[in-house]
Amino acid sequence: MSWQRGTLADFFGDNVVYRNMEPQNAHIRGLTAVWAELGLEGPAVPRKTTPQYALVLRRFMREAQALRGLPPLERALFIGDTAMNDGVAARNMGQHLPMRGFIGAERLGEAPAITRDGDLMLANRWAALADFGAWAASEGFSGDERTALLIDLDKTSLGARGRNDRVIDAARVAAVKRTLTTALGDRFDEARFLAVYDWLNQPAYHPFTADNQDYLAYICLMVEAGIFEVERLRVELAACSIQTLEQFCAACEERREQMPLPLREAQDQLLAGCAAQDPTPFKTFRRVEYCETVACMDVLPDEASASEVLASEIVITAEVASFAQLMRERGALVFGISDKPDEASIPTAEDAANGLRPIHRTTMKIYGAEIS
């Protein structure tokens with residue numbers, strides 16, 4: 001088949017903010033510059049589901065709108081893929097601007113369904129974005145110069161949930177494996193690693209891992225290296241004698257003399273990151289994740305089938321891209337948000353010199369049904 005290609009920047013430009021909340025648009029001041037003006041206690045990066053995140057994001061949108069030379073924004077549309085995270089983020093934004101939101105996924109094993117939950121529409125088909133557009137218009141949100149359209153990146157704009165999201169997850173797991181292999185060499189046992197990773201990478205252990213892949217990669221590294229034995233971890237988690245990463249990190253520090261240099265470097269990164277309340281403390285892993293992620297973008301030829309591409313490449317969601325283009329043509333401010341760390345989204349200077357681009361400027365194939 002003949003594949004259409006594009007980038008997220010085709011509709012976002014550089015109006016994109018990754019986890020560190022430092023916009024890619026150099027003309028918009030980031031969190032480190034505005035936190036005091038917003039009355040925040042410090043420059044610590046807020047999580048996506050907090051009111052502080054919406055407060056900072058609202059500031060970015062206001063500055064982006066001013067750069068367009070247009071009157072202040074009066075309303076917002078929001079597109080995401082999870083009712084838990086994106087739904088909460090949308091409703092927090094609704095505290096600042098009237099908002100209508102869409103939470104989508106592709107669940108082909110179910111009959112097409114659309115439900116309403118207050119200001120949110122939830123659907124099990126990405127094509128339902130057409131229904132969302134009609135509903136939003138009937139509510140006075142047809143899209144104009146005073147409307148902001150906020151769109152999640154991972155598993156929404158690209159790697160659509162239920163259709164193509166497993167490739168994003170596979171790239172992340174590949175990055176963890178590559179990080180551990182680099183640190184441990186022949187001592188790395190993939191089956192043993194996957195058993196620990198799959199055990200901890202579930203909601204029951206989020207109080208310990210904080211649903212943070214940096215934490216999980218570090219934990220797996222120390223367990224795989226034998227610095228913290230897996231059986232001891234099972235016992236201590238069950239007994240609640242270890243409940244936080246900080247406690248785990250401190251226990252590993254007691255065995256520092258047994259760590260070869262790569263492990264000590266990882267240990268130092270985690271200690272420093274935890275002390276600084278950095279949500280991305282294992283930066284070595286995240287830089288590998290960036291490389292693994294862009295390596296899954298537009299690698300197969302035009303002759304590849306849809307099933308082949310969706311199984312091995314990260315693609316742009318045509319429904320989201322076309323809806324964004326439609327709103328942009330009507331004058332709306334289109335802004336992309338991502339909880340993916342900057343280190344996993346933006347190339348280093350060396351990578352950039354070799355031709356790599358930020359994720360939102362990396363070419364991908366486009367798949368899905370366009371919204372008109």
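So, counting K/R as plus one and D/E as minus one, what does the shell of residues with Cβ under 13 Å around Thr147 add up to?
+1
Could you give the accessible area per residue of the chain, probe 1.4 Å, as a whole number in Å²?
43
Would you list Asp154, Asp169, Asp81, Asp10 from the most to the least accessible area, probe 1.4 Å?
Asp10, Asp169, Asp154, Asp81
Under a cut-off of 21 Å between alpha-carbon atoms, report the lysines in cross-link reach of Lys155, not counting same-chain residues fewer than 8 places apart.
Correct list for Lys155: Lys48, Lys340, Lys365.
Highest mean first, what order results for 42-50, 234-242, 189-197, 348-356 on Cβ atoms within 10 Å?
Answer by packing, highest mean first, reads 42-50, 189-197, 234-242, 348-356.
Please give the Cα centre distance for region 1-60 versus region 281-358, rounded to the nearest Å.
Value for the Cα centre distance between the two parts: 16 Å.
222 nm [θ] for the chain, helices only, -39500 (n - 2.57) per DSSP H run of 4+, per residue, to 500?
Value at 222 nm, helices only, nearest 500: -12500 deg cm²/dmol.
If you restrict to DSSP beta bridges whose two residues both lie in the chain, what percentage is antiparallel, to the nearest 5?
Counting DSSP beta bridges with both partners in the chain, the antiparallel share is about 25 percent.
Shape call for region 176-251 from the C-alpha gyration tensor, a ≥ b ≥ c root eigenvalues: rounded (a/c under 1.5), prolate (a/b greater than b/c) or oblate?
Note, shape of region 176-251 comes out prolate.
Below 15 angstrom from the Cβ of Ala127, what's the summed charge of the other residues (Lys, Arg +1; Asp, Glu -1)?
-2
On the accessible surface of the chain, probed at 1.4 Å, how many percent belong to carbon and sulfur atoms?
In the chain, the share of accessible area belonging to carbon and sulfur is 50 percent.
The values are calculated or read from the model by the stated rules, or taken from the named source; none is laboratory data. Predicted model, so just to flag it, every value in this text is computed and none were measured. Every residue, glycine among them, receives a Cβ derived from its backbone with ideal geometry; neighbour counts consider all protein chains shown. Each accessible area value is taken on the protein alone, full model and side chains, heavy atoms only, with ligands, DNA and RNA left out. Shrake-Rupley method; radii C 1.70, N 1.55, O 1.52, S 1.80 Å.
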